[in-house]
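Okay, so here's the structure we're looking at.
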Amino acid sequence: MSEKVIIAGPASQLLAMRTAKELNIEVINCEFKTFPDGETYIRFNVDDDSVLKDKEVIIIQTTGASSSADQNKRIIQLFNMISATKRMNSKKITVVVPYLAYSRQDKVFRPGECMFAQTLLKLIESCGADELYVIDIHAPEALKVLNIPAYNLNPMKYLAEYLKNEIKVKDPVIVSPDKGAIERSTAFAKFFGENTPIEMFSKERDVITGQIKMVGELKVKGKDVIIADDIISSGGTMATAIQLSKKSGAKHIYAVSTHALLIENAIVRILGAGADMIIGTDTIDNPVSMVSMSKLIAENLK
Ligand code: R5P
């Protein structure tokens with residue numbers, strides 16, 4: 001076995017295989033199940049505990065909820081994988097968590113909260129990670145809690161290339177669904193040309209009910225609009241942004257998100273609101289994961 005090896009976490013099998021192909025390195029897969037009492041079991045599919053000895057091990061496991069496992073199970077699997085790699089005397093453990101669950105719980109919004117994003121990051125470190133890679137984390141400042149090197153990879157180039165080359169979007173207006181997304185939208189707009197216009201809504205979310213309020217008039221009449229956000233969860237933010245863009249006269253609307261979680265009826269909400277397409281990446285494995293992050297991960301791990 002070569003010096004480096006990828007462990008394909010149950011939640012990121014496709015992305016792990018694609019990344020391994022880019023890097024031309026071997027993959028170890030996992031056996032996993034849930035015990036009758038609900039506990040999570042996972043082991044590497046190896047015959048011998050010595051296979052990881054002195055190896056540089058890259059663990060790829062996303063932590064988004066899917067139909068087969070929720071985020072908590074994905075996180076426990078991840079902790080298990082890091083701990084097992086450590087126990088097997090590897091030389092270095094690189095952990096790639098394409099989508100970091102709980103990343104939106106990075107601040108104290110109401111008294112009594114714990115900022116679980118930072119807690120989760122510390123737990124990843126304490127399991128034995130030597131370095132961490134995430135993709136388009138909701139708020140990169142959360143990574144500062146770590147004492148190991150941590151990198152937030154930017155997927156924008158790959159999403160923009162897909163829209164330009166595959167969907168043939170030309171001269172779009174980039175719409176930022178809220179103030180928090182303006183930096184992302186500005187960076188994204190540059191891939192379509194220096195003078196690509198950016199429009200923004202004002203969004204407020206009720207911290208207790210989660211209800212959002214969005215207002216704003218956009219200069220998008222007759223234009224192709226790309227609404228780019230880090231996460232689509234319930235689809236509420238995106239659907240509201242689409243409705244307002246439609247009202248302002250947008251021609252085509254593309255709902256773009258790094259992490260398209262698409263919980264419950266988010267697809268219907270977004271397409272029903274008038275989007276032509278939903279485009280996501282394979283940080284989350286689902287039918288809209290059209291843009292692979294394997295090249296982005298591989299070029300950073302090389
Ligand atoms: C919030 O600040 C995020 O960037 C997303 O806009 C939000 O998490 C999306 O959630 P939902 O799809 O439930 O509106």
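The values are calculated or read from the model by the stated rules, or taken from the named source; none is laboratory data. This structure is a prediction, so every number in the text was calculated from the model and none was measured. So basically every Cβ, Gly included, is an ideal-geometry build from the backbone, and we count neighbours across all protein chains shown. What goes into the accessible areas is simple: the full protein's heavy atoms, side chains included, and nothing from ligands, DNA or RNA. Shrake-Rupley method; radii C 1.70, N 1.55, O 1.52, S 1.80 Å.
In this calculation the C-beta distance from K213 to L123 is compared with R0 = 30 Å, giving a FRET efficiency of 0.30. Region 55-128 and region 154-219 have Cα centres separated by 28 Å. Ranked from largest to smallest solvent-accessible area, with a 1.4 Å probe on the protein heavy atoms, R74, R205, R43 come out as R205, R43, R74. May I ask which residue of L15, N80, M238 lies farthest towards the positive end of the charge dipole of the chain, with charges of +1 (Lys, Arg) and -1 (Asp, Glu) on Cβ and the Cα centre as origin? Sorting the options by dipole projection puts first M238. Site pair R43 and I76 shows an inter-label distance of 1.8 nm when each label is modelled 7 Å from Cα along Cα→Cβ. Within the chain, DSSP assigns beta bridges of which about 20% are antiparallel (rounded to the nearest 5).
Is the shape of region 33-131 rounded, prolate or oblate, going by the alpha carbon gyration tensor and its root eigenvalues a ≥ b ≥ c, with a/c under 1.5 for rounded and a/b larger than b/c for prolate? In terms of gyration-tensor shape, oblate.
For M277, the accessible surface of its heavy atoms amounts to roughly 50 Å² (probe 1.4 Å, protein chains only, rounded to the nearest 10). On full extension, the segment bounded by K33 and R205 gains 58.2 nm, given 0.36 nm per residue less the C-alpha separation. Under a 5 Å amide H cut-off, with hydrogens placed 1.01 Å from N, I28 pairs with I6, I7, A8 among residues at least 5 apart or on other chains. Over region 1-43, what is the relative contact order in percent, taking alpha-carbon pairs closer than 8 angstrom and at least six residues apart? Relative contact order of region 1-43: 36 percent. Ordered from highest to lowest accessible area with the whole protein assembly present and a 1.4 Å probe, S103, S83 read as S83, S103.
Taking every DSSP beta bridge that has both ends in region 156-282, the antiparallel portion is near 20%. Whole-Hz Karplus values for region 4-21 come out as 10, 8, 9, 9, 8, x, x, 8, 9, 5, 5, 5, 5, 5, 5, 5, 4, 5 Hz, taken residue by residue from phi with 6.51 cos²θ - 1.76 cosθ + 1.60 and θ = phi - 60°; glycine and proline positions read x.
Look at the dipole of region 1-102 built from charges on Cβ: of S66, I25, Y99, the Cα furthest out on the positive end belongs to Y99. Counting only residues at least eight positions apart within a chain, or on another chain, the aspartates and glutamates with an alpha carbon under 19 Å from that of K86 are E3, E26, E31, D47, D48, D49, D54, E56, E125, D130, E131.
Dipole magnitude for the chain: computed about the Cα centre from +1 point charges on Lys and Arg Cβ and -1 point charges on Asp and Glu Cβ, it is near 700 debye. The length gained by stretching the chain between K86 and F116 to full extension, at 0.36 nm per residue less their Cα-Cα distance, is 8.4 nm.
Note on S90: accessible area approximately 30 square angstrom, rounded to 10, probe 1.4 Å, nucleic acids and ligands left out.
For region 106-111, backbone phi angles converted through the Karplus equation (6.51, -1.76, 1.60; θ = phi - 60°) give residue-by-residue couplings of 10, 9, 8, 8, 9, x Hz, Gly and Pro being listed as x.
Compute the Cα gyration tensor for the chain, then decide on rounded, prolate or oblate, letting a ≥ b ≥ c be the square roots of its eigenvalues: rounded whenever a/c is under 1.5, prolate when a/b is larger than b/c in the other cases, and oblate in all that remain. Prolate. Rounded to the nearest 20, the size of the Cβ-charge dipole of region 156-282 about its Cα centre is 400 debye, with Lys and Arg at +1 and Asp and Glu at -1. Across region 245-259, computed HN-Hα scalar couplings (Karplus, 6.51 cos²θ - 1.76 cosθ + 1.60, θ = phi - 60°) run 5, 4, 4, 7, x, 4, 7, 10, 10, 10, 8, 10, 8, 5, 10 Hz from first to last residue, x flagging Gly and Pro.
Based on Cα contacts under 8 Å between residues 6+ apart, the chain shows a relative contact order of 14 percent.
Counting only protein chain heavy atoms and rolling a 1.4 Å probe, the accessible areas of K21, K33 rank, largest first, as K21, K33.
Only helical runs count toward this figure. For the chain, summing -39,500 (n - 2.57) over DSSP H runs of n ≥ 4 and dividing by all residues gives -8000 deg cm²/dmol at 222 nm.
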